[in-house]
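Note sheet for the following structure.
The values are calculated or read from the model by the stated rules, or taken from the named source; none is laboratory data. Predicted model, so just to flag it, every value in this text is computed and none were measured. In this analysis, Cβ positions are derived from the backbone assuming ideal geometry, glycine residues included, and neighbour counts consider all displayed protein chains.
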Amino acid sequence: MTNRQYYSALDSFRRHGYIKRVNTDQFLITPKAITHARIAKIDSGNWENQSWDGSWKLIAFDIPEKRRSERDMFRSLLKRKGFVGLQNSVFISPFADFKELALLRRDLKIEKHVSFFVAKSHQSDDDSALRKRFGL
């Protein structure tokens, strides 16, 4: 990489808000960069390759309109990871990494608006449509 390419990349990161210049030769990584890195890590995770433990992972949220961009980002990520919407703000999947999702929830500052649940279907309920949807 040439010096020109190096400085061009740094300037691009700065313009996009991923780094902040502290002085001539020092930069800080911003929370925005950390959030985007976490999303990339979650996107690349292979939760579906786990064996199913028989419990459903539910995520319910009520993120206010003033946090619309965070809500849309979170909902979009859930859909990309294969979650199925039961309602507008309730999603289900047989697989999830709640540890990573909790870190993202914290990064986005939506902790008090998002809840994670692990549930089993009651004997009287038929979850065969969900099982079929997820290939279980």
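In region 28-55, how many residues are in contact with a Phe, Trp or Tyr (Cβ under 8 Å, 6 or more places away or on another chain) and of a type outside the set (Ser, Thr, Tyr)? Lay out the reasoning, then the answer.
At the first step, the residues of region 28-55 found to be in contact with a Phe, Trp or Tyr (Cβ under 8 Å, 6 or more places away or on another chain) are 29-30, 32-33, 36, 47-48, 50, 52.
Right, trim to of a type outside the set (Ser, Thr, Tyr) and you get 29, 32-33, 36, 47-48, 50, 52.
Within region 28-55, residues that are in contact with a Phe, Trp or Tyr (Cβ under 8 Å, 6 or more places away or on another chain) and of a type outside the set (Ser, Thr, Tyr) number 8.
Contact map, region 111-124: first residue over 16 Å from Glu100 (Cα atoms), second residue hydrophobic (A, V, I, L, M, F, W, C) and assigned to a helix (DSSP H, G or I), Cβ cut-off under 9 Å, separation 6 or more or different chains; pairs are Ser121/Leu130. The number of residues in region 56-81 being surrounded by fewer than 16 Cβ atoms within 10 Å (Cβ to Cβ) and in contact with a Ser or Thr (Cβ under 9 Å, 6 or more places away or on another chain) comes to 2. Does Trp47 meet the test of being surrounded by 13 or more Cβ atoms within 10 Å (Cβ to Cβ) and more than 13 Å from the chain's Cα centre (by Cα)? When the stated conditions are applied, Trp47 does not pass them. Count of region 82-117 residues, restricted to those that are surrounded by fewer than 17 Cβ atoms within 10 Å (Cβ to Cβ) and assigned to a helix (DSSP H, G or I), is 8.
Going by the structure shown, is Ile42 farther than 30 Å from Asp11 by Cα, of a type in the set (A, V, I, L, M) and either touching a residue at least 12 places away in the same chain (Cβ under 8 Å) or assigned by TED's automatic domain parsing to the domain that holds Ala9 (or both)?
Values: farther than 30 Å from Asp11 by Cα: no; of a type in the set (A, V, I, L, M): yes; either touching a residue at least 12 places away in the same chain (Cβ under 8 Å) or assigned by TED's automatic domain parsing to the domain that holds Ala9 (or both): yes.
For Ile42, the condition - farther than 30 Å from Asp11 by Cα, of a type in the set (A, V, I, L, M) and either touching a residue at least 12 places away in the same chain (Cβ under 8 Å) or assigned by TED's automatic domain parsing to the domain that holds Ala9 (or both) - is not met.
Of the numbered criteria (1) modelled with pLDDT of 90 or more; (2) assigned to a loop (DSSP other than H, G, I, E, B); (3) not β-branched (Val, Ile, Thr), the one Trp52 fails is (1).
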